[in-house]
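No value in this document is a laboratory result; all are computed from the given coordinates. What you see is a predicted model; the values in this text were computed from it and never measured. All Cβ positions, glycine included, derive from the backbone under ideal geometry; neighbour counts span all protein chains shown.
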Amino acid sequence: MAFSVAPSVAPSRAGETHLLRVRFFGPVRTLLKLDGFDLACPAPCPAEAFWRELLARFPEVEMLRPGIRLARNGEFLGENENLQPGDEVALIPPVSGG
Amino acid sequence: MVVDVAIQTGPLDLPDDLPPGAGAVVRFEGRVRPEEKEAIIEALDYEAYLPMAQRQMEKIVRDLGHAHRCLRARVRHRVGRVPVGETAILVEVCAAHRAEAFALATAFMDRVKQEVPIWKSAAAQQQ
């Protein structure tokens, strides 16, 4: 699997975007056959805006979304926390370690 | 409490030593079973989001250490391919008395299965 750049994501209506490094794991990675990619998001980027941009590019992730939590730079994203330029955002589907 | 957590490839093991004052040592080994979701398997493949997975396990152990006064907790989680019968996770908790050690080990395993970004997938049995 590979890490790719997404050149086709449109800027936000405000015309201001920033890049997030998105990483996929477990069933999401299996579904997309991709380790991750760089996603352009409006700035500032709340979780809902992130999901909107992500699903525009990968609509098939919608079916897994209910079980997915987001992590920002290796920590679970807080309820009202925004994503910042250059953040690493991981999609964390239900875990199964142990 | 001493906390020692690692994620690694290859078989898991811990040195056989005890912290001073330990009267109880609880050791749990989670091993790969030959069946997964009603299918026969020969191994499980584990992947982890590093370093978040290690930090989460350390955080859980420290958090539980406030409620269960233990002397030391050591955790090893394996990633990569783990054949049937081999150990995927090894947890060892040392305490003065057994109740605290059992409680921390049990609570830790419950939280690992909810909060630690590690995933397993079955490796199909080859014919």
How large are Rg and Dmax for the protein assembly as shown when only the alpha carbon atoms are used, in Å?
20.1, 65
In sequence order, calculated HN-Hα J values of segment B:54-59 (Karplus, 6.51, -1.76, 1.60; Hz; x Gly/Pro)
5, 4, 5, 5, 4, 4
Please quote Rg/Rh for chain B to two decimal places, taking the Kirkwood radius as Rh and restricting both calculations to Cα atoms.
1.00
What nm value, rounded to one decimal, do you get for the distance between B:Arg62 and B:Ala6 when each label is placed 7 Å out toward the C-beta?
2.0
Could you compute the FRET efficiency for B:Arg31 and A:Glu79, with r as their C-beta to C-beta distance and R0 at 41 Å, rounded to 0.05?
0.65
Value of [θ]222 nm, deg cm²/dmol, for the protein assembly as shown, DSSP H segments ≥ 4, -39500 (n - 2.57) each, nearest 500:
-7500 deg cm²/dmol
Across B:107-118, the residue-averaged tally of Cβ atoms belonging to other chains within 10 Å stands at 4
Cα-centred dipole magnitude for segment B:55-127, charges only on beta-carbon of K, R (+1) and D, E (-1), debye, nearest 20:
160
Could you give me the ³J(HN,Hα) list for segment A:83-98, computed from phi with Karplus coefficients 6.51, -1.76, 1.60 and θ = phi - 60°, whole Hz, x at Gly and Pro?
7, 10, x, x, 5, 9, 10, 10, 8, 10, x, x, 8, 8, x, x
Work out the FRET efficiency for B:Asp13 and A:Lys33 from their Cβ-Cβ distance, taking R0 = 30 Å, and round it to the nearest 0.05.
0.30
Taking the beta-carbon count within 10 Å as an exposure proxy, list B:Asp63, B:Asp16 from fewest neighbours to most.
B:Asp16, B:Asp63
Collect residues whose amide H, placed 1.01 Å from N in the peptide plane, falls under 5 Å from the amide H of A:Gly74; neighbours closer than 5 in sequence don't count.
A:Ala90
Out of residues 5 or more away from A:Phe25 or on other chains, whose amide H comes under 5 Å of its own, with H placed 1.01 Å from N in the peptide plane?
A:Leu91
